[in-house]
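Below you'll find the structure, written out as structure tokens, and then a few comments.
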Amino acid sequence: MAGMTTRVVKGSLWTFAGQVMPIGISLLTAPFVIRLLGSEGYGVLILVGLIPTYFSFADFGMGIASTKFASEAYARGSLDDEARIVRTAGLITLLTSLPIAVVLILFSGSIIAFFGVSDAMHAEASTALKFGAVTFVLTFLNSIFNTPQLTRLRMELNTFVASGFRILGMIAVPFVLYFGGGIAGAVLVLMAAQLLTLLGNLFVSERLLPGFFGTSINSAAVRPMLKFGGALVGAGIAGILLSNAEKGILAATVSAEALGFYSVAFTVAGMMTLFSTSMTKSLMPAFSQLQGPKNLERLDALYSRALRVNLILMVPALVLLAIAAKTFFTLWAGEAFGRESTFPFYILLSGLAFNMLAYLPHVSIMAAGRTDIFAKLYWLELIIYVVLVWALTTNFGIIGAAAAWSIRVVADAFLLFWFARRIAGVTFTMNFANRFVFAAAVMAAPLVPYFYYGRIDLAVITIAAASLFVYSLLVWKFVLGRDEVNWLSGRFRTLFSH
């Protein structure tokens with residue numbers, strides 16, 4: 001269990017780094033790209049990248065299906081079956097995504113015209129969309145041919161290959177634009193980055209999985225993989241609508257300006273989920289390998305430990321974000337955003353606390369193969385959610401939109417925990433609840449002077465630093481289990497011994 005935990009934690013940190021680094025590079029390169037292209041050109045570049053994302057379901061869920069079914073084969077020790085499952089997923093993806101890519105290529109000019117791109121930029125945007133359609137297929141293939149890295153929880157290799165070439169592409173784009181490459185040249189560079197990523201994944205995966213290259217597929221796995229992926233597609237479509245319903249209704253019932261204030265708050269709040277999503281990337285293969293009655297105890301232990309880690313990290317993050325929110329919004333986006341986005345942000349944080357934890361039961365249900373639960377649940381939620389959003393937004397504006405989102409994700413979290421217990425057999429008992437609540441209350445102490453005085457000053461910063469220190473001690477002494485303390489101590493000794 002300690003070995004599996006170590007690999008999951010290391011994998012989560014590597015995945016987290018692989019998500020954060022491109023965001024940082026994007027923040028550095030975006031100003032140069034905007035200035036070199038101009039506002040219209042930059043908008044067209046974003047549009048060309050956005051159009052294929054409307055068809056993100058075109059891999060038919062094979063990226064996740066490949067990880068699940070190949071992880072189960074790896075756990076059985078059947079490396080030949082693992083390789084055939086990956087090839088099967090790749091074939092299905094090509095069959096489902098290539099037709100859409102061909103349509104995008106053939107009708108790129110008409111598609112670009114539909115979105116109102118000016119005549120001066122029409123030809124270049126059409127060429128860029130053709131390159132984007134190829135990138136669209138390459139991205140799907142990369143999500144499949146990295147499977148041997150994921151099944152072995154070699155997330156450092158996955159991060160180096162995927163994020164490494166992606167970062168190189170992002171850095172190269174301003175240079176290409178500076179030397180006259182234009183929008184098509186920028187998209188071509190990003191396509192080349194995906195192609196290099198694919199070659200890197202093929203090389204690394206073949207080293208990890210001898211026999212990776214071949215022509216045979218697992219015909220017996222086609223039907224269960226399609227069933228698994230098909231339910232994911234249905235859930236994904238409903239999920240997209242759920243994720244954006246309050247934004248569209250807010251713009252329609254209040255104003256585009258209100259949508260702007262809400263979107264800034266929502267985007268910053270959403271960044272809190274980066275670590276949770278990073279952890280699920282490692283937990284999906286780990287949970288898949290632990291399927292079956294004989295591994296239920298190990299699965300339950302890993303599930304509980306992952307939830308504890310999320311809880312422990314979440315509390316200080318939420319507190320510090322609540323303190324920094326108004327100042328950050330004001331400095332980053334202006335006084336109007338500091339005034340209008342902060343309170344909705346607090347409401348979103350209340351829902352986010354549950355949403356971050358819900359990733360764990362979500363991935364446990366997925367590893368158990370019951371993706372149909374998500375399709376049924378999300379379509380049912382969508383009907384109720386639209387009514388809720390409309391009622392709250394028309395009466396309370398941006399505050400109502402944030403409240404509706406939080407209400408939904410809290411309800412969704414409770415349902416997912418219930419389904420995880422019924423379907424995957426995993427439970428989470430808060431036998432440390434009193435001690436954790438006390439530690440969380442200590443961590444929340446700086447919120448009192450902050451909200452009382454309404455600003456960040458030396459006293460708030462001092463109390464926040466002291467609270468974080470005491471919180472860490474309390475967690476170490478009274479919340480973590482003895483085996484977890486020993487495990488962490490061992491990791492620190494190993495880290496600093498070098």
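The single residue among D59, D80 that is open to solvent by 30 Å² or more (accessible area, probe 1.4 Å), charged (D, E, K, R) and farther than 24 Å from M271 by Cβ turns out to be D80.
Restrict the check to the stretch 100-123 and report whether at least one residue is open to solvent by 60 Å² or more (accessible area, probe 1.4 Å), acidic (D, E) and free of Cβ contacts under 8 Å to residues at least 12 places away in the same chain. Yes, that holds for at least one residue. Tallying residues that are at pLDDT 90 or above and over 18 Å from the mean Cα position of the chain (by Cα) within the stretch 290-317 yields 2. Scanning the stretch 209-221 for residues that are open to solvent by less than 50 Å² (accessible area, probe 1.4 Å) and more than 18 Å from S71 (Cβ to Cβ) returns a single hit, G214.
Of the residues making up the stretch 443-468, those that are among the hydroxyl-bearing types (S, T, Y) and surrounded by fewer than 17 Cβ atoms within 10 Å (Cβ to Cβ) are Y452, Y453, T462.
Is it true that L36 is in contact with a Leu (Cβ under 9 Å, 6 or more places away or on another chain) and either open to solvent by less than 60 Å² (accessible area, probe 1.4 Å) or acidic (D, E) (or both)? The answer is no for L36. Among all positions in the stretch 324-342, there is no residue which is modelled with pLDDT of 90 or more, assigned to a helix (DSSP H, G or I), within 21 Å of A238 (Cα to Cα) and of a type in the set (A, V, I, L, M).
For the stretch 414-431, the set of residues classified as closer than 18 Å to V479 by Cα and either open to solvent by 60 Å² or more (accessible area, probe 1.4 Å) or free of Cβ contacts under 8 Å to residues at least 60 places away in the same chain (or both) consists of T429, M430, N431, listed by residue number.
Would you check if S39 is modelled with pLDDT under 85, over 16 Å from F275 (Cα atoms), touching a helix residue (DSSP H, G or I) at 6+ places or on another chain (Cβ under 9 Å) and among the polar types (S, T, N, Q)? It is false that S39 is modelled with pLDDT under 85, over 16 Å from F275 (Cα atoms), touching a helix residue (DSSP H, G or I) at 6+ places or on another chain (Cβ under 9 Å) and among the polar types (S, T, N, Q).
Yes/no matrix, rows are residues, columns are (1) more than 30 Å from D483 (Cα to Cα); (2) in contact (Cβ under 8 Å) with a residue 24 or more places away in the chain; (3) buried (at least 17 other Cβ atoms within 10 Å of the Cβ):
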site	(1), (2), (3)
G234	yes, yes, yes
L250	yes, yes, yes
S278	no, yes, yes
S282	no, yes, yes
Q289	no, yes, yes
N295	no, no, no
Y303	no, yes, yes
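Among the residues of the stretch 415-442, those identified as assigned to a loop (DSSP other than H, G, I, E, B) and at pLDDT 85 or above are G425, V426, T427. Could you check, for the stretch 341-351, whether at least one of its residues is in contact (Cβ under 8 Å) with a residue 40 or more places away in the chain, open to solvent by 50 Å² or more (accessible area, probe 1.4 Å), small (G, A, S) and in contact with a Ser or Thr (Cβ under 7 Å, 6 or more places away or on another chain)? There is at least one residue in the stretch 341-351 that is in contact (Cβ under 8 Å) with a residue 40 or more places away in the chain, open to solvent by 50 Å² or more (accessible area, probe 1.4 Å), small (G, A, S) and in contact with a Ser or Thr (Cβ under 7 Å, 6 or more places away or on another chain). Residue count for the stretch 36-94 under the criterion of being more than 21 Å from the chain's Cα centre (by Cα), more than 17 Å from N201 (Cβ to Cβ) and of a type in the set (V, I, T): the result is 3.
The values are calculated or read from the model by the stated rules, or taken from the named source; none is laboratory data. Computed from a predicted structure; not experimentally measured. Neighbour counts run over all protein chains shown; Cβ positions are idealised from the backbone, glycine included. When the accessible area is computed, the model is the full protein with side chains, heavy atoms only, and any ligands, DNA or RNA have been set aside. Shrake-Rupley method; radii C 1.70, N 1.55, O 1.52, S 1.80 Å.
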